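Take a look at the structure set out below.
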Ligand code: UGA
């Protein structure tokens, strides 16, 4: 099938490459000329395992095209995917200007039937807004061209995006039009082999499904972080509690890892957006507000543990920070706990020596050159002269460090761990003061 994808970000690029891989011909349109030129020369704008090879292969074989020419894209695809960003505006609502601007562009150039597909995470009611926008532009042009607007949210995870998109758990499609349903059956047939993964529903339910999924997952995390805080105060170990409750299949082991708070481009933004949507319709979303508050508090946890050990005045102190990205296998630092930690350390007068396997350039881009941030080439190089090690992200290469090197290099054998990578009793035996999450303070 012929597909066009507007917006070559995370969701758009991965979806386009995966659709091309199964044989569809996909034109990707973006307003960013540099991004388009880079992609044509094999430079991928994001770090995502498996994506570079996938994009290159499909580009070389002619199933994937990159262009800034919207008209070309609109002529090409019967299906027009909108996968542009919906960043939060100053109130936390999703800003729809990019989505509606693509809708306007499509309506300006279309002259035959099109299916316009919202792939971006958009508030309930956006499909209606897209429909109204397209209808208005077509009316201005004096055209009667037919179109449908469909919601088809994306559930991929950063760091596992290609795998998630190639082997989806479910494919949610919001449309009441049975002919459009058939088109989607054909589009996704290659991904629908073992059992039927397509779930058709009305547009609004599909839009809400995306938010409900992310908010449920964020709720699990905040709930566990709250339990971790209780465990610390009650002398329990959250890791035992986690295993104890995860073994109940109704709860499950996934997404119940306590930590230094959730980050990324999705959970914080989507929880806030659903809070705003609720407030706009006069409903107070008490659980969502608590999920958000607990998460904001949790992001201060690493700094609180440092203050607990070293006191409020950290001037002249230096901290080794391992992990800057919001989670492993990505260079994305949006809403990362490491940022909250480093800002607090700097405000208290401390310096940071940091290392991340992928996010060093991103960190440099965000914070630029500053005297109190040293980006180091290896994780070991951060340790020398540092008063403690702080772990923000659970990259695999941090899971089994050489503890002798750690105790020799650090000024004090203190580890503040935001991801519970080590067993407290072993750390104590090795002579470390180890602050984890929800496991009691080590002395
Ligand atoms: C999330 C969802 O998991 C995807 O299903 C969804 O499609 C995506 O948002 C989206 O809306 O686009 P992502 O933001 O890539 O994916 O990252 P996650 O793997 O979900 O992690 C989010 C945050 O939660 C990370 O900071 C992670 O460290 C934290 N987390 C996750 C925990 O603190 N504990 C856990 O048990 C799991």
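A full extension of the chain between residue 71 and residue 307 corresponds to an added length of 79.2 nm, given 0.36 nm per residue minus the alpha carbon distance. Treating r as the C-beta distance of residue 97 and residue 60 and R0 as 25 Å, the FRET efficiency rounds to 0.10. The stretch between residue 53 and residue 201 holds 49.8 nm of extra length on full extension. This uses 0.36 nm per residue minus the Cα-Cα distance.
Using a ≥ b ≥ c from the Cα gyration tensor of segment 211-296 (square roots of the eigenvalues), is it rounded, prolate or oblate, where a/c under 1.5 gives rounded and otherwise the larger of a/b and b/c decides, a/b for prolate? Since a/c reaches 1.5 and a/b is larger than b/c, the shape of segment 211-296 is classed as prolate. Over segment 35-179, Cα pairs under 8 Å with separation of 6+ residues give a relative contact order of 21 percent.
Which FRET efficiency value, to the nearest 0.05, do you get for residue 396 and residue 287 by plugging their Cβ-Cβ distance into 1/(1 + (r/R0)^6) with R0 = 35 Å? Efficiency for this residue pair is about 0.55.
So for the chain: antiparallel DSSP bridges make up what percent, rounded to the nearest 5? Of the beta bridges lying entirely in the chain, close to 5 percent run antiparallel. For the chain, a Gaussian network of Cα nodes joined below 10 Å ranks 253, 355, 47 by mean-square fluctuation, and the top entry is 253. Between 159, 264, 377, the residue with the greatest mean-square fluctuation in the GNM of the chain (Cα pairs under 10 Å linked by springs) is 377. Whole angstrom only: what separates the Cα centroid of segment 292-332 from the Cα centroid of segment 190-250? Between the Cα centre of segment 292-332 and that of segment 190-250, the gap is 25 Å. Sorting 238-245, 145-152 by their mean Cβ neighbour count within 10 Å, with the most densely packed peptide first, gives 145-152, 238-245. The distance linking segment 132-157 with segment 24-40 is 22 Å (Cα centroid to Cα centroid, whole angstrom). Counting helices only, and only those DSSP H runs with n ≥ 4, report the 222 nm mean residue ellipticity of the chain as the sum of -39,500 (n - 2.57) divided by its residues, in deg cm²/dmol to the nearest 500. Per the formula, -13000 deg cm²/dmol. Going from the residue with the fewest nearby Cβ atoms within 10 Å to the one with the most, 109, 24, 254 rank 254, 109, 24.
Distance between the 7 Å Cα→Cβ label points at residue 411 and residue 426: 2.9 nm. Between residue 34 and residue 111, the contour length at 0.36 nm per residue exceeds the alpha carbon distance by 24.8 nm.
Neighbour counts of C-beta atoms inside 10 Å place 379, 197 in the sequence 197, 379, starting with the fewest. Under 13 Å from the 7 Å Cα→Cβ point of residue 381, by amide nitrogen: which residues of segment 321-340? Within reach of a label on residue 381: no residues.
By other beta-carbon atoms within 10 Å, ranking 297, 419 with the fewest at the front produces 297, 419. Classified by the C-alpha gyration tensor, segment 2-201 has a rounded form. Its axis ratio a/c, with a ≥ b ≥ c, is below 1.5.
Averaging the Cα positions of each part gives two centres, and for segment 1-21 and segment 383-438 these lie 41 Å apart.
Comparing mean-square fluctuations of 353, 34, 167 from a GNM of the chain with C-alpha springs under 10 Å, the top value falls on 34.
The numbers here are math on the coordinates, done by the rules we state, and not lab data. All values derive from a computational prediction rather than experimental measurement. Ideal geometry is used to build each Cβ from the backbone, glycine not excepted, and the neighbour counts take in all protein chains shown.
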